[in-house]
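Trainee: Could you have a look at this structure, given as structure tokens, before my questions?
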Amino acid sequence: MTRFPAARPRARVSLTACLATCLVASPALAAAAPAVVLPWGEWVVAFATTAQAVLMPLLVALATGLIARFAPLLSYVLSKSVVEGMVRRVTDYALNAVSGAAKGQVLTVPVGSAVIAAAVQCSMTQKFGSFRNFIAPMEP
């Protein structure tokens, strides 16, 4: 059993007659009637103007929403990279400033304490940027 039943013979005949009439009558009607000019260029311009008026606010809203969504992430990444770079520079300075300390070497407790003290002192004197703003932003 097929899914679509076959068309009735009467429907085939009437469809064929309709198509034949349209094909034969079209040239005769086209010769008798004057040509109709459609100003489709004006329609395209009108449609484009309307589409621009509708889509531009939507695109601006989309861009604003994306900025609002990703701005906190971007500020986190930027502040994290600034802090990590500053900590790396302060640590390098402290390792160079303390005698007996070297990069990649295991530090003893007194030397490690001296390195940490030198790093904190260096960062608080703002030698490598405003670390104080990241540590204690509520200070006057």
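Trainee: Taking N as the number of residues in region 37-118, what value does Rg over Cα atoms divided by 2.2 N^0.38 Å take?
Mentor: Working: Rg = 29.6 Å, N = 82, 2.2 N^0.38 = 11.7 Å.
Computed over Cα atoms of region 37-118, the ratio equals 2.52.
Trainee: Rounded to the nearest 10 Å², what accessible area does residue 88 show when all protein chains are kept and the probe is 1.4 Å?
Mentor: Around 140 Å² of this residue is reachable by solvent.
Trainee: How much solvent-accessible surface does residue 113 expose, in Å² to the nearest 10, with a 1.4 Å probe and all protein chains in place?
Mentor: 70 Å²
Trainee: Now a separate question. Using a 1.4 angstrom probe and counting only protein chains, how large is the accessible area of residue 47 in Å², to 10?
Mentor: Spelled out: residue 47, probe radius 1.4 Å, area about 150 Å².
Trainee: I've got another one for you. Can you compute the modelled spin-label distance between residue 50 and residue 97, with each label point 7 Å from Cα toward Cβ, in nm?
Mentor: 7.1 nm
The values are calculated or read from the model by the stated rules, or taken from the named source; none is laboratory data. Being a predicted model, the structure only gives us computed values, none of them experimental. Every residue, glycine as well, gets a Cβ built from its backbone with ideal geometry; the counts of neighbours run over all protein chains shown. Calculation scope for accessible area: heavy atoms of the full protein, side chains included, ligands and nucleic acids excluded. Shrake-Rupley method; radii C 1.70, N 1.55, O 1.52, S 1.80 Å.
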